[in-house]
Amino acid sequence: MYSIKVEGNFSSAHNLRHYRGKCEELHGHNWKVEVMVCANMVDKTGMVMDFKHLKKQLNNILETLDHKYLNNLKAFKKINPTSENIARYIYELLKSKISNLKSVTVWENSSCSATYEE
């Protein structure tokens, strides 16, 4: 099995509803997002897929999150914009564009991350 990974970044604010603690207050993160794609075979050029194509698809999504108050976005009106839910949100948007998508990992800081995969 081959796998490739790209990273992207965005900055945004959020607060967690029904949470007891500091994260219930408005705060922000410089999020890092990792996307992994897997394949059993490489193509005729020896690649799982072009990094540039994968990065472009990811960045198109991240632009919609960058410098936003995530709680105001339609996707997070009813669910909390946690790292877990953000990872799933990005995965769901990417899966129609990237057929062999394996996982999306969202880092809210250098030591805490959440991963979503089907």
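The values are calculated or read from the model by the stated rules, or taken from the named source; none is laboratory data. Quick caveat: nothing in here was measured; it's all calculated off a predicted structure. Quick reminder, even Gly has a Cβ in these numbers, built from the backbone with ideal geometry, and neighbours come from all protein chains shown.
Looking at (1) farther than 25 Å from GLU118 by Cα; (2) in contact (Cβ under 8 Å) with a residue 12 or more places away in the chain; (3) of a type in the set (Ser, Thr, Tyr), which is the only condition THR82 fails? The one condition THR82 does not meet is (1).
Filter segment 56-72 down to residues that are closer than 14 Å to TRP31 by Cβ and over 11 Å from the mean Cα position of the chain (by Cα) and give me whichever is surrounded by the most Cβ atoms within 10 Å (Cβ to Cβ). Steps first, please.
The first filter runs over segment 56-72 and keeps only residues closer than 14 Å to TRP31 by Cβ, leaving 58-59, 61-70.
Within this subset, residues satisfying the condition of being over 11 Å from the mean Cα position of the chain (by Cα) are 63-64, 66-70.
Details: GLU63: 12, THR64: 12, ASP66: 14, HIS67: 10, LYS68: 17, TYR69: 14, LEU70: 22.
It comes out as LEU70.
Contact map, segment 43-69: residues that are among the hydroxyl-bearing types (Ser, Thr, Tyr) paired with residues that are at pLDDT 95 or above and assigned to a helix (DSSP H, G or I), Cβ distance under 9 Å, separation 6+ or inter-chain. Pairs shown: THR64/LEU93. The conditions of being in a loop (DSSP other than H, G, I, E, B) and under 21 Å from the mean Cα position of the chain (by Cα) are met by VAL48. Identify all residues within segment 1-45 that are part of a loop (DSSP other than H, G, I, E, B), under 23 Å from LEU65 (Cβ atoms) and of a type in the set (S, T, N, Q); write none if there are none. Listed by number, the list holds a single entry, ASN15.
Would you say GLU84 is of a type in the set (Asp, Glu) and over 18 Å from TRP107 (Cβ atoms)? Break it down into steps so the answer makes sense when it comes.
Details: of a type in the set (Asp, Glu): yes; over 18 Å from TRP107 (Cβ atoms): no.
It is false that GLU84 is of a type in the set (Asp, Glu) and over 18 Å from TRP107 (Cβ atoms).
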